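To start, the structure itself, in structure tokens.
The values are calculated or read from the model by the stated rules, or taken from the named source; none is laboratory data. Small disclaimer: the values here were computed from a predicted structure and weren't measured. Neighbour counts run over all protein chains shown; Cβ positions are idealised from the backbone, glycine included.
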Amino acid sequence: MALVAFLRGINVGGHRSFRPSVLAQDLARYQVVNVGTAGTFVIRRPVSRVRLRTELARRLPFAAHVMICEGRELLALGRLDPFRRAPRGPKLVHFVSILAARPRLAPATPIHLPSVGRWIVRILGRENRLLFGLYRREMKVISYLGLIDQVFGVPVTTRSWSTIVSITNLLENPDS
């Protein structure tokens, strides 16, 4: 099964900028497909996680956290349909956060950030190293998404649900 690599904190507000499409071309021998501009890659050819991390670190112009998961984990989350009962609307974004490792102690969900008052980020649940939830389209959302690291005790990176759907489409249709 394919691997999916997520880089953390790149191409955000001009910070740690690079072109993911160029990196994907550099890794063509692993049949890497770039998804978007946030450093998300589907790796179709079998490669060990260690080798993939080494290749990414060698080619990136800066150090970056890399979260790698099996494509089947994302396909399973898609089949779960975690947002079937979640509220929808133009001011809400469904997201998935990928944990760098399994947390030693995982808090019960749902989790609201902030914990008192009107929530900005709501974590609805967790499947292994994948958190799913929603956030309000507000300027301060980045600071609350940043708190997820502290809540779970491991680094995380976050992608919109639409990005995860794009990834699952690539995994389900390898010829696309």
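With respect to Ala24, is the statement that it is free of Cβ contacts under 8 Å to residues at least 12 places away in the same chain, within 19 Å of Ile98 (Cβ to Cβ), out of contact with any Lys or Arg (no Cβ under 9 Å at 6 or more places or on another chain) and outside any loop (DSSP other than H, G, I, E, B) true? Judged against the criteria, Ala24 is not a match. Hey, does the range 78-93 have a residue that's within 24 Å of Val4 (Cβ to Cβ) and in contact with a Phe, Trp or Tyr (Cβ under 6 Å, 6 or more places away or on another chain)? There is at least one residue in the range 78-93 that is within 24 Å of Val4 (Cβ to Cβ) and in contact with a Phe, Trp or Tyr (Cβ under 6 Å, 6 or more places away or on another chain). Applying a threshold of 6 Å to beta carbon distances and a minimum spacing of six or more residues, or different chains, the list of pairs starting in the range 162-176 at a residue that is within 12 Å of Thr40 (Cα to Cα) and ending at one that is modelled with pLDDT under 95 and surrounded by fewer than 18 Cβ atoms within 10 Å (Cβ to Cβ) reads Thr163/Gly36.
Checked across the range 127-139, the condition of being outside the structural domain of Cys69 (by TED's automatic domain parsing), of a type in the set (A, V, I, L, M, F, W, C) and over 13 Å from the mean Cα position of the chain (by Cα) holds for at least one residue. Identify, please: which residue in the range 27-76 is basic (Lys, Arg) and touching a residue at least 60 places away in the same chain (Cβ under 8 Å) and is, among those, surrounded by the most Cβ atoms within 10 Å (Cβ to Cβ)? It comes out as Arg44. Right, Ala106: over 30 Å from Gln25 (Cα atoms), surrounded by 13 or more Cβ atoms within 10 Å (Cβ to Cβ), out of contact with any Asp or Glu (no Cβ under 8 Å at 6 or more places or on another chain) and not assigned by TED's automatic domain parsing to the domain that holds Gln31 or not? Yes, satisfied.
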